[in-house]
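These notes concern the structure reproduced below.
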Amino acid sequence: MLKKKNILITGASDGIGKEVSKTYFQNGANLALIGKDQKKMHTISKSLNRINRSSQIVKIYIFDLSEKKESEYRRITQEIKKEFPILDGLLHNAGVLGRISPVINQSIKSWYEVLQINLNSSFIITKFLLPCLMNSKNSSLLFTTSNVSRKGKKNWSPYSVSKFAIEGLMKTLSQEYEGSTLRVNCINPGAVRTKMRFQAYPSENQKNIRSPKEIMSTYLYLMSDESVGFSGHIFNFDGKIIRNI
């Protein structure tokens, strides 16, 4: 479904990002993968290359999205542009939970970190790589949202606010590029068996939670040409469009 498409994925070293990288590669995509853990990223690269798809490309970029310097984002995106002047897809998957605590107890440092990784880095990378996305005949820009952006959630202020904002960024971009070859959407993966989920709900029975592999069909659909014509929407993990109230 993704044969010869060039796709960039952030947060590729764990959980959903790791699984979606494998899924996209198995469906023919060339991959640019961003993650901060060098050991994990090299392990993923080796495991993908062992699939023996000699004509496909996997490039890893070690980068910490908590970085705030514009010059560093320019540097990493310039490296990506040189290797992938045409981008057919960009999935913003990276995210952190932050501290679950009332606003009055939130540290300013933690607040800044969550907003930087979950929101600001997505804006900056998108801004710098939009020309590459526009070089594609059909490109997909996909942001990750959450159930906590529906109504908010007490004690989850940094994470919840970051997801409200991501949906706003998606809606704005979808209007700015309406009628173009670029479609812009959000995906809400829901409850998935990841380290972040365990961090948020440590007493939860993990066996009752979906694995990342179980939600890959929607990630595949939204990155493939089957979703051409759909823009400005928020999709659930099961492919259903969530209507904003």
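The values are calculated or read from the model by the stated rules, or taken from the named source; none is laboratory data. Everything quoted here is computed from the prediction, not taken from an experiment. Because the Cβ atoms are built from the backbone with ideal geometry, glycine has one as well, and the counts that use them run over all protein chains shown. Remember, those area values only see protein heavy atoms, side chains included, never the ligands or the DNA or RNA. Shrake-Rupley method; radii C 1.70, N 1.55, O 1.52, S 1.80 Å.
Figure legend. Inter-residue proximity from the stretch 143-162: first residues within 16 Å of Ile117 (Cα to Cα), second residues of a type in the set (D, E, K, R) and not in a loop (DSSP other than H, G, I, E, B), beta-carbon distance below 8 Å, spacing 6+ or different chains. Indicated pairs: Phe143/Glu167; Thr145/Lys163; Thr145/Glu167; Ser146/Lys163. So Tyr112 fits all but one of (1) more than 23 Å from Ser140 (Cα to Cα); (2) assigned to a helix (DSSP H, G or I); (3) in contact (Cβ under 8 Å) with a residue 24 or more places away in the chain; what number is the exception? With respect to (1) more than 23 Å from Ser140 (Cα to Cα); (2) assigned to a helix (DSSP H, G or I); (3) in contact (Cβ under 8 Å) with a residue 24 or more places away in the chain, Tyr112 is out only on (3). Kindly establish whether Lys5 is buried (at least 20 other Cβ atoms within 10 Å of the Cβ) and touching an Asp or Glu at 6+ places or on another chain (Cβ under 6 Å). It is true that Lys5 is buried (at least 20 other Cβ atoms within 10 Å of the Cβ) and touching an Asp or Glu at 6+ places or on another chain (Cβ under 6 Å).
State yes or no: is Leu90 of a type in the set (A, V, I, L, M, F, W, C) and within 18 Å of Cys132 (Cβ to Cβ)? Spell out how you get there, then give the answer.
Values: of a type in the set (A, V, I, L, M, F, W, C): yes; within 18 Å of Cys132 (Cβ to Cβ): yes.
Yes.
All conditions but one from (1) open to solvent by 60 Å² or more (accessible area, probe 1.4 Å); (2) more than 16 Å from Leu8 (Cβ to Cβ) apply to Glu67; the one that does not is (1). Considering only the stretch 29-51, I want to know if a residue exists there that is among the hydroxyl-bearing types (Ser, Thr, Tyr) and closer than 20 Å to Ser140 by Cα. Scanning the stretch 29-51, I find no residue that is among the hydroxyl-bearing types (Ser, Thr, Tyr) and closer than 20 Å to Ser140 by Cα, so the answer is no.
Considering the conditions (1) at pLDDT 95 or above; (2) in contact with a Gly (Cβ under 6 Å, 6 or more places away or on another chain), Phe123 is excluded by exactly one of them, (2).
Checking the condition closer than 23 Å to Ser227 by Cβ and buried (at least 20 other Cβ atoms within 10 Å of the Cβ), which residue from Ile117, Ile44, Ile125, Ile86 passes?
Details: Ile117 fails: closer than 23 Å to Ser227 by Cβ; Ile44 fails: closer than 23 Å to Ser227 by Cβ; Ile86 fails: buried (at least 20 other Cβ atoms within 10 Å of the Cβ).
None of the other options fit; the residue is Ile125.
Please state which one of Ile100, Ile104, Ile108 is among the hydrophobic types (A, V, I, L, M, F, W, C), modelled with pLDDT under 95 and open to solvent by 60 Å² or more (accessible area, probe 1.4 Å).
Ile100
Looking at this structure, is Ser180 more than 16 Å from the chain's Cα centre (by Cα), at pLDDT 95 or above, assigned to a helix (DSSP H, G or I) and among the small types (Gly, Ala, Ser)? When the stated conditions are applied, Ser180 does not pass them. Mind telling me which of the residues Lys4, Lys46, Lys69, Lys36 ends up being free of Cβ contacts under 8 Å to residues at least 60 places away in the same chain, at positive phi and among the basic types (Lys, Arg)? Going through Lys4, Lys46, Lys69, Lys36 in turn, the sole match is Lys4. You will find that of Met134, Met170, the residue that is within 28 Å of Asp225 (Cβ to Cβ), aliphatic (A, V, I, L, M), surrounded by fewer than 16 Cβ atoms within 10 Å (Cβ to Cβ) and at pLDDT 90 or above is Met134 and no other. Please indicate, with yes or no, whether at least one residue in the stretch 206-218 is open to solvent by 10 Å² or more (accessible area, probe 1.4 Å), modelled with pLDDT under 80 and hydrophobic (A, V, I, L, M, F, W, C). Checking the stretch 206-218: at least one residue is open to solvent by 10 Å² or more (accessible area, probe 1.4 Å), modelled with pLDDT under 80 and hydrophobic (A, V, I, L, M, F, W, C).
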